[in-house]
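Written below as structure tokens is the structure these notes are about.
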């Protein structure tokens, strides 16, 4: 169950958009998918929207360098992702703008939002998180058809989904999840589940690493920024879920499930500047969901009030802590 949950969250911001679009809702989308390749310059322009001085000139447009200097090095790729996860947890604070381009169905659309992360100043390690997303309507009124608000005060992670005026709220006790993981902290799988329980960007990378193997690495420069590109594919354990109970059956992932992921890490900070979910199309990989993190600010104070939350009147939260504890007990 938790692995299916992480797939859902991976498609629309792993570990933080859980249940916003369920697996079944993705399955109901038209199968005649229109996508663009990951080396499309529109994605480069999104990534370049960090600061005005980072805007690239037209002559600076680059080709997909990640294919030119690609090196198969699973050990190095996995080590880099581990370092990126550890680095995320080391920052005293993170503030960033998120632009998410979804190219599933006949009409691609863009979701925008913001992300805040800070350490609990009293405990020194407990993460506080705030994520906000809006899915804009195509109608003239421009009212959002869906919103996501995820807030953690270091103890409880609240996730509020509102779709067409109806809200659903879940909660998870992150301290209970972390305490259970500490029983066997040497287990890599337990560490990943614990980070997944934290939500936010740590949960994003934990979810990806728990379900994917990283097989190759490349270097790339976009708008003057040096990036390390990690390429990942599904682990066999995940693919087995799609064999219908027959171990010898070939794996044919549904059109709404990606085949691979590509993560772009800033070489100076190891911050994930872009995450792309990719789908095979004949001999190429094309983007399905692209997350771009821009206007990244690290280690600056964030007011405590940003991490407080009260569920809306009349909405009864669903506690999903047990799902994570059960997963940890299996390890």
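The values are calculated or read from the model by the stated rules, or taken from the named source; none is laboratory data. Quantities reported herein were computed from a predicted structural model and do not represent experimental measurements. Here the Cβ positions follow ideal geometry from the backbone for every residue, glycine too, while neighbour counts run over all protein chains shown.
So that you can scan it fast, the table gives a plain yes or no per residue for (1) on the phi > 0 side of the Ramachandran plot; (2) free of Cβ contacts under 8 Å to residues at least 12 places away in the same chain:
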site	(1), (2)
155	no, no
180	no, no
195	no, no
200	yes, no
246	no, yes
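Just wondering, is there one or more residues in segment 190-204 that are in contact with a strand residue (DSSP E or B) (Cβ under 9 Å, 6 or more places away or on another chain), in a strand (DSSP E or B) and surrounded by 17 or more Cβ atoms within 10 Å (Cβ to Cβ)? No: zero hits. Can you pull out every residue in segment 121-150 that is at pLDDT 65 or above and part of a loop (DSSP other than H, G, I, E, B)? Selection gives 126 alone. On inspection, residue 176 fails the criterion of being surrounded by 15 or more Cβ atoms within 10 Å (Cβ to Cβ), part of a helix (DSSP H, G or I), within 20 Å of the chain's Cα centre (by Cα) and at pLDDT 75 or above. Per the listing 286, 327, the residue uniquely crowded, with 19+ Cβ neighbours inside 10 Å, modelled with pLDDT under 90 and in contact with a strand residue (DSSP E or B) (Cβ under 6 Å, 6 or more places away or on another chain) is 286. In summary, strands (runs of 3 or more DSSP E) completely within segment 207-298 and bearing 2 or more residues that are under 14 Å from residue 82 (Cα atoms) and under 20 Å from the mean Cα position of the chain (by Cα) occur at 212-222, 225-234, 260-266. On inspection, residue 279 qualifies as under 29 Å from residue 150 (Cα atoms) and surrounded by 12 or more Cβ atoms within 10 Å (Cβ to Cβ).
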